[in-house]
Amino acid sequence: MTPLILTMLAAALLAGLGYAALCASSPFGDCRKCDGLGFQLAYDRRGKPKRGKHCRRCQGVGKRIRIGRHLYNLAHRTWRAGTN
C-alpha cells in the first residue's frame, strides 16, 4: 500500500475513534433547528430578540441525540433482545 492510503486510513480511524469518544462522553448535541434554545427567536418592532414559537423538532428541550449514539442504542437494544 502506498503511504498516502495508509495516512488516509489512519486519519479516518482517528476521526472515527474521536467521534465514538464524543458520543460516549456527550450523547446529546444542540438542536440544529433552534441552536439549542428550545424555541425560535422572534424579533419585536425595535429589532430586539424575544422568545418565539416552541421548537417542534426537539419539543422545546434544545437537545438532540447524536447519530452515533442513536446507532449504538439500536445495536445494544437488538443485542439485548436477542440474548434474553
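The values are calculated or read from the model by the stated rules, or taken from the named source; none is laboratory data. Please read all numbers here as calculations on a predicted model, not as lab measurements. No Cβ is skipped: glycine too gets one built from the backbone with ideal geometry, and neighbour counts run over all protein chains shown.
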**Q.** Among (1) surrounded by 13 or more Cβ atoms within 10 Å (Cβ to Cβ); (2) of a type outside the set (Asp, Glu); (3) out of contact with any helix residue (DSSP H, G or I) (no Cβ under 8 Å at 6 or more places or on another chain) - the single one TYR19 does not satisfy
**A.** (3)
Q) In region 36-51, which residues are part of a loop (DSSP other than H, G, I, E, B) and either touching a residue at least 12 places away in the same chain (Cβ under 8 Å) or of a type in the set (S, T, N, Q) (or both)? A) GLY36, LEU37, GLY38
(Q) Where the second residue is outside any loop (DSSP other than H, G, I, E, B) and charged (D, E, K, R) and the first is under 9 Å from GLY29 (Cβ atoms) and at pLDDT 90 or above and lies in region 57-75, which pairs have Cβ atoms under 7 Å and are six or more apart or on separate chains? (A) LYS63/ASP30
Q: Quick one: count up the residues across region 52-84 that are of a type in the set (Val, Ile, Thr), over 10 Å from GLY38 (Cα atoms) and outside any helix (DSSP H, G or I).
A: 1
